[in-house]
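Novice: Okay, here's the structure, questions in a sec.
The values are calculated or read from the model by the stated rules, or taken from the named source; none is laboratory data. Everything quoted here is computed from the prediction, not taken from an experiment. Neighbour counts run over all protein chains shown; Cβ positions are idealised from the backbone, glycine included.
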């Protein structure tokens, strides 16, 4: 079992952009605003009931959770650097595992299935679909941009 599988995360409302990066790295990453958990007590409930590790920019909240990760930077690249320094594996997953939008599992689309107009032809490249929100993903320019950002962390 990898660290990514053992350590599901919950991010506070100040870390939405970071959530997408972590999901693309294969982390099961709940985001406060996606889960209607803006209040500290709601975030703490997710930590407790779902066994998630808290990542926050709120120093007071971080003190309330023994293994919380406190980030101090506002810029997502700087936040990624802080996580790397804390021992997080920040490499793209070989294949998408979690939806970058909602964190639900994704599945490979059969090459014969129709896809939305914004997605490339599944006969030419691998396409994944979110099981919950239906968003489609593939390794395109956004994937490459994230890979470049992570390479510079």
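Novice: Cβ-Cβ under 8 Å, sequence separation 6+ or interchain: first residue in the range 31-51 and at negative phi and surrounded by fewer than 14 Cβ atoms within 10 Å (Cβ to Cβ), partner modelled with pLDDT of 95 or more and part of a strand (DSSP E or B). Which pairs?
Specialist: Close Cβ pairs satisfying both conditions: 50/10; 50/30.
Novice: Inside the range 26-38, can you point out the residues that are in a loop (DSSP other than H, G, I, E, B) and at pLDDT 95 or above?
Specialist: Residues satisfying the conditions are 27, 28.
Novice: Still on this structure, please answer the following. Working carefully through the options 54, 70, find the one that is surrounded by fewer than 19 Cβ atoms within 10 Å (Cβ to Cβ), farther than 22 Å from residue 132 by Cα and at pLDDT 95 or above.
Specialist: 70
Novice: Another one. Name the pairs whose Cβ atoms lie under 6 Å apart, with the first residue in the range 57-83 and touching a residue at least 40 places away in the same chain (Cβ under 8 Å) and at negative phi, the second surrounded by fewer than 17 Cβ atoms within 10 Å (Cβ to Cβ) and assigned to a loop (DSSP other than H, G, I, E, B), and 6 or more positions between them or separate chains?
Specialist: Pairs that qualify, where the first residue is touching a residue at least 40 places away in the same chain (Cβ under 8 Å) and at negative phi and the partner is surrounded by fewer than 17 Cβ atoms within 10 Å (Cβ to Cβ) and assigned to a loop (DSSP other than H, G, I, E, B), are 57/14; 79/73.
Novice: Give me a count of the residues in the range 54-112 that are more than 21 Å from residue 40 (Cβ to Cβ), in contact with a helix residue (DSSP H, G or I) (Cβ under 8 Å, 6 or more places away or on another chain) and in a strand (DSSP E or B).
Specialist: Result for the range 54-112: 1.
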